[in-house]
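The values are calculated or read from the model by the stated rules, or taken from the named source; none is laboratory data. Keep in mind the model is a prediction, meaning the values are calculated, not measured. Note that each Cβ is placed from the backbone with ideal geometry, even for glycine, and that neighbours are counted across all protein chains shown.
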Protein chains: 2
Amino acid sequence: MEVTRTLAKFVVEHRHADIPEKVRHEAARSFLNWVGCAVGASRHETVERALAALAEFSGPLEATVLGRGDRLDIMQAALMNGITSHTFDFDDTHLKTVIHPSGPVASAILALAEREPVAGEDFVHAFILGVEVECRIGKAVYPAHYDIGWHITGTAGVFGAAAAAGRLLGLTEQQMTWALGIAATQSCGLREMFGTMCKPFHPGNAARNGLLAALLAQQNFTSSNQGIEAKRGFGHVLSTEFKPAEITERLGETWEIALNTYKPFACGIVIHPAIDGCIQLRNEHGLKAEEIESVGLNVHPLVLELTGKKTPQVGLEGKFSVYHSAAVAIIHGAAGEAQYSDACVRDPNVIALRDRVSASVDQAMHEDQVRVVIKLKDGRTLEKFVEHAIGSLDKPMSNADLEAKFRGLADGILSKPETDKLIRLCWDIGSLKDAAEVARASVPAARSAKAAQA
Amino acid sequence: MEVTRTLAKFVVEHRHADIPEKVRHEAARSFLNWVGCAVGASRHETVERALAALAEFSGPLEATVLGRGDRLDIMQAALMNGITSHTFDFDDTHLKTVIHPSGPVASAILALAEREPVAGEDFVHAFILGVEVECRIGKAVYPAHYDIGWHITGTAGVFGAAAAAGRLLGLTEQQMTWALGIAATQSCGLREMFGTMCKPFHPGNAARNGLLAALLAQQNFTSSNQGIEAKRGFGHVLSTEFKPAEITERLGETWEIALNTYKPFACGIVIHPAIDGCIQLRNEHGLKAEEIESVGLNVHPLVLELTGKKTPQVGLEGKFSVYHSAAVAIIHGAAGEAQYSDACVRDPNVIALRDRVSASVDQAMHEDQVRVVIKLKDGRTLEKFVEHAIGSLDKPMSNADLEAKFRGLADGILSKPETDKLIRLCWDIGSLKDAAEVARASVPAARSAKAAQA
């Protein structure tokens with residue numbers, strides 16, 4: 001079975017008309033969410049440090065770091081947007097493989113689209129194909145590959161970036177086969193890096209290296225024709241289990257991007273049910289912190305194992321505290337990056353409510369469930385059982401939810417009209433004349449003006 | 001045991017004075033051989049295609065592609081020189097790990113030295129430390145890591161490049177620890193790519209990414225502090241066996257570069273004894289092809305297994321023919337790239353002698369041995385038993401041999417005075433005021449003039 005060549009042929013020959021409308025819509029949702037995450041983290045220290053290291057080595061300044069005035073060459077821009085979009089760990093998740101699919105793919109092709117205009121239709125098509133490639137390759141090695149210690153967003157992402165970029169570059173089947181091989185031999189990224197700046201570096205690096213693979217293949221730089229399936233290729237070297245049928249079966253009939261999910265809250269997925277339940281009770285009853293006597297949570301065992309921190313001191317620790325998360329859910333009605341800032345974790349009002357939150361394990365709970373019991377000072381008891389948390393495949397975020405998340409991320413970076421415009425462009429990505437318009441519109445006017453002067 | 005930090009501290013704190021003179025001399029020999037290989041392959045198709053893909057994305061043109069007029073930004077130049085120097089597979093070999101040590105390390109730091117002047121003494125020091133790091137990390141995982149399918153020159157090389165570049169950038173111990181971690185999470189390169197342009201891409205990619213690791217760490221871009229030894233770090237994820245003591249024991253007391261070897265012939269090491277024996281008999285007896293009745297070879301079994309091709313049709317196939325190799329050894333007294341060209345493989349004189357070469361397996365032979373029996377038309381029989389082939393650790397190439405190899409590689413690219421000057425600079429690398437002088441001197445005058453006009 002020629003896995004690499006089969007995949008290459010599929011990517012090269014696929015027709016846009018054969019993508020179902022709902023798949024295209026999910027691609028727009030993924031893209032919107034990705035742009036929001038990238039803009040939201042564009043001022044983060046991780047991004048500043050990477051830019052400080054790289055900018056002076058940039059080639060032609062053809063592409064944009066989303067949300068900033070900085071322009072870089074396309075490979076550096078792909079790297080930077082991959083970093084920014086994963087910095088908050090708030091981007092999309094393909095639950096079957098735990099790949100964050102958009103980062104590597106969108107970062108690579110948006111940079112390319114800024115160099116050479118691409119119609120939105122072709123852009124979305126390449127994006128969907130790239131996500132298909134990375135997620136299918138991921139499925140072929142998950143979970144063994146992940147369990148060994150590979151960060152699958154990096155290792156599989158490079159294939160997605162190469163495939164999508166190669167499609168836009170118009171590679172032949174042979175060139176695409178080589179591009180996937182050059183991607184295979186650059187596949188990397190260790191889970192050991194979780195909790196450091198290297199975690200968001202991984203999707204950025206996958207974007208950069210996938211783009212390089214496509215550009216090299218375009219010049220007939222050769223690689224193995226069996227980069228994925230050979231005995232010494234990706235599947236067997238980076239995994240103890242390799243299921244090639246996951247890559248080739250029903251190719252073009254099913255679409256992995258249709259299974260994409262989006263995080264409503266800027267923390268580990270395990271505490272999302274508790275946050276969801278608290279926000280629902282808050283909104284239904286117009287709750288205020290001072291009315292509340294106590295908050296009780298019945299949770300799945302993993303919740304306390306992973307997020308049992310009682311008294312977090314800094315923002316990042318707040319993400320590992322179900323107590324802090326429940327408190328901000330009730331006070332702010334949200335759990336975005338702002339709710340995991342140092343200031344918010346130290347806010348006396350938040351601490352006061354946090355101290356009245358208790359949590360107990362219920363072995364019968366599924367991971368996606370929670371029971372929230374709020375006792376009020378007036379004697380009433382409010383209760384909410386969550387079967388599936390918002391953001392799960394069973395209860396996806398609505399388009400309005402995604403827009404609200406976007407606005408939260410863009411707040412303080414873009415003006416309201418700028419945010420409105422950018423959201424509209426993301427929804428319309430599939431019909432834009434020039435997909436790169438999104439990149440230009442992500443830069444706040446003040447920054448654009450400054451860049452123009454420089 | 002803190003392996004990564006121990007290594008980082010060693011690289012940051014080591015004093016030049018503590019390197020024995022003979023180790024420094026071996027570094028100069030390695031460097032000379034590396035420059036020759038890079039210059040020699042600088043016109044190769046592999047290099048042309050990579051340059052065609054990359055050059056238009058280059059940043060500041062601060063570094064040189066050795067042997068060419070092209071200038072690129074330092075990360076691209078590191079990539080290109082890593083590619084050129086391994087294109088002929090003629091560079092140095094650390095036999096204990098089969099790493100080709102110079103490519104990743106020298107490519108990274110020579111590019112850096114062109115940006116910011118570096119004294120030759122510091123350059124050689126960083127080079128030796130980089131080689132030490134990559135070879136020790138290689139020893140910790142070899143052979144399991146290689147057997148799985150990793151191309152160890154790529155996977156270990158990125159650490160060497162990061163360490164050497166980081167040393168020249170003056171990283172702190174913490175920054176160097178991060179640089180090694182950022183290297184770990186970029187470690188890649190599959191043996192499946194052997195026989196394609198991706199093989200020489202690996203040391204180039206290691207150089208490029210190692211340099212990136214050092215530049216990011218310099219800006220305090222964080223990674224794990226246990227990138228090498230952690231459960232989900234390099235050693236355990238990329239190998240089934242990890243021996244950390246190989247990295248830390250006797251650090252600073254032994255030097256891996258002292259165990260470096262150089263190939264006298266541009267083909268697999270398994271036929272080097274036969275070529276060596278034939279050249280010795282040729283030179284001792286002033287042999288000419290027309291005097292020879294037959295050439296008989298008693299060889300180790302691997303020789304016929306790997307290089308038993310009787311009638312090679314193209315240059316590359318000649319490398320897998322002990323018959324062709326023996327014939328050119330006798331006719332040309334050499335087995336360089338010129339002897340493995342298509343033209344040479346098709347030369348009627350070579351074919352005529354090749355057809356008179358026979359080989360038989362002798363199970364008692366060691367890999368490094370051969371018996372050559374040449375029967376002359378005048379009835380005489382000449383015999384030579386080779387115990388260790390030239391180029392092995394037991395019978396290293398002399399300085400004069402290395403110079404002759406260099407001249408063969410530079411022939412047709414540099415003029416005789418240019419070659420003389422470049423060889424002298426390589427020998428003197430440790431005392432140059434500015435190590436980058438070597439890069440400038442590698443460019444033929446005609447190309448320099450053309451570049452200046454452009």
Hey, could you check the stretch B:179-194 for residues that are in contact with a Leu (Cβ under 8 Å, 6 or more places away or on another chain) and not polar (S, T, N, Q) and say which is nearest to A:ASN205 (Cα to Cα)? B:ILE182
Are any residues in the stretch B:333-374 part of a strand (DSSP E or B) and within 22 Å of B:GLY36 (Cα to Cα), and if so, which ones? none
Of the residues that sit in the stretch B:221-242 and are of a type in the set (Ser, Thr, Tyr) and within 7 Å of chain A (Cβ to nearest Cβ), which one is surrounded by the fewest Cβ atoms within 10 Å (Cβ to Cβ)? B:THR222
Within the bounds of the stretch A:205-220, is there any residue that is in contact (Cβ under 8 Å) with a residue 24 or more places away in the chain, in contact with a Lys or Arg (Cβ under 8 Å, 6 or more places away or on another chain) and either surrounded by fewer than 24 Cβ atoms within 10 Å (Cβ to Cβ) or outside the structural domain of A:ASP147 (by TED's automatic domain parsing) (or both)? yes
Are any of the residues in the stretch B:286-298 basic (Lys, Arg) and under 20 Å from B:VAL270 (Cα atoms)? no
Those residues of the stretch A:92-109 which are of a type in the set (D, E, K, R) and at pLDDT 95 or above amount to A:ASP92
Of everything in the stretch A:42-88, what is in contact (Cβ under 8 Å) with a residue 60 or more places away in the chain and either in contact with a strand residue (DSSP E or B) (Cβ under 6 Å, 6 or more places away or on another chain) or not in a helix (DSSP H, G or I) (or both)? Give them in sequence order. A:SER42, A:ARG43, A:ALA63, A:THR64, A:LEU66, A:GLY67, A:ARG68, A:GLY69, A:ASP70, A:ARG71, A:ILE74, A:PHE88
Inside the stretch B:264-313, the number of residues satisfying the requirement of being closer than 15 Å to B:LEU382 by Cβ, in contact (Cβ under 8 Å) with a residue 12 or more places away in the chain and part of a loop (DSSP other than H, G, I, E, B) is 1
Quick check on my filter: what residues within the stretch A:146-159 are assigned to a helix (DSSP H, G or I) and surrounded by fewer than 24 Cβ atoms within 10 Å (Cβ to Cβ)? A:TYR146, A:ASP147, A:ILE148
Restricting attention to the stretch A:236-262, which residues are assigned to a loop (DSSP other than H, G, I, E, B) and touching a helix residue (DSSP H, G or I) at 6+ places or on another chain (Cβ under 7 Å)? A:LEU238, A:SER239, A:THR240, A:GLU241, A:PHE242, A:LYS243, A:PRO244, A:GLY252, A:TRP255, A:TYR262
If you check A:LYS139 against the conditions, is it assigned by TED's automatic domain parsing to the domain that holds A:ALA183 and part of a loop (DSSP other than H, G, I, E, B)? no
Restricting attention to the stretch A:189-213, and to residues there that are assigned to a loop (DSSP other than H, G, I, E, B) and touching a His at 6+ places or on another chain (Cβ under 8 Å), which single residue is nearest to the other protein chains (Cβ to nearest Cβ)? A:GLY189
Inspect the stretch A:21-39 for any residue being assigned to a loop (DSSP other than H, G, I, E, B) and not hydroxyl-bearing (Ser, Thr, Tyr) and give the result as yes or no. no
By residue number, the members of the stretch A:310-361 that are touching a Phe, Trp or Tyr at 6+ places or on another chain (Cβ under 6 Å) and closer than 19 Å to A:PRO264 by Cβ are A:GLY315, A:GLY318, A:LYS319, A:ALA335, A:GLU337
Going by what's in this entry, would B:MET75 be described as out of contact with any Leu (no Cβ under 6 Å at 6 or more places or on another chain), at negative phi and within 14 Å of chain A (Cβ to nearest Cβ)? no
